[in-house]
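In what follows, a single structure is set out as structure tokens and then discussed.
Bear in mind that the values in this text are calculations on the coordinates, not laboratory data. If you're wondering where the values come from, they're calculated on a predicted model, not measured in any experiment. Don't worry about glycine lacking a Cβ; one is built from the backbone with ideal geometry, like all the others, and counts go over all protein chains shown.
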Amino acid sequence: MTRQQQQPDKQDGDAKPAQKPDDGQSTFETDISETGDDGTTVRQAEVREDDLSEVKPPSGPAR
């Protein structure tokens, strides 16, 4: 699998600027891929900048 590197001085068109949720931590939106028995799905999620945990995890499996 290849990995695309971002240029430090260029802004990614899909990236959202860092935000501060109610707990005061910076967050950003990113794509998350999940692989299961039925294949791989990709979805967008807002994650914390410091530990990459989801701010609002999905309520259930996306189908």
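Of the residues that sit in the range 37-53 and are assigned to a strand (DSSP E or B) and among the aliphatic types (A, V, I, L, M), which one is farthest from Gly24 (Cα to Cα)?
Val42
Give the residues of the range 33-48 that are in contact (Cβ under 8 Å) with a residue 12 or more places away in the chain and surrounded by 12 or more Cβ atoms within 10 Å (Cβ to Cβ), sorted by residue number.
Across the range 33-48, the qualifying residues are Thr41, Ala45, Glu46, Val47, Arg48.
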